[in-house]
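Read through the structure below, which is laid out as structure tokens, and then see the notes.
The values are calculated or read from the model by the stated rules, or taken from the named source; none is laboratory data. Here the structure is a predicted model, which is why all the values come from computation and not from measurement. We work out accessible area using only protein heavy atoms, side chains counted, and drop any ligands, DNA or RNA first. Shrake-Rupley method; radii C 1.70, N 1.55, O 1.52, S 1.80 Å.
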Amino acid sequence: MSEKTPQGDSQASFAKRIDPKKGPLTPEQSAFIRRVELEQWKKNAQKLRGRNIFTGLVIGGLVLGIYGYTFYSVSQEKFLDELEEEAKVARMRAPKTSAN
């Protein structure tokens, strides 16, 4: 069996860890950090945009459904018409007075 030696700190620039708390950063390191953060932000923004669109469509659908159901149920309510008819009949049957 071959022994595996730990690879430790690599001298390659792409594998070097940057700790901004230890010391001042070089302009290349600052630019690299900004570029990586921007790429991560774009990636996350794309996911969030999709979720926001889905959430907006669901909420909009619920609002339109409630709105439509309200109009549908109000258009079927006949009890006010029935009450008006009963009141009209009651006024016709009531004796006429000088106040009427």
>> Using the Karplus curve 6.51 cos²θ - 1.76 cosθ + 1.60 with θ = phi - 60°, what ³J(HN,Hα) values do you get for each residue of region 51-61, in whole Hz, with x for Gly and Pro?
In response: 5, 5, 5, 4, 4, x, 5, 5, 5, x, x
> Ignoring any ligand, DNA or RNA, what whole percent of the accessible area of region 31-81 comes from carbon and sulfur when the probe is 1.4 angstrom?
Replying inline: 67 percent
>> Given N residues in region 36-100, what is its alpha carbon radius of gyration divided by 2.2 N^0.38 Å?
In response: 2.64
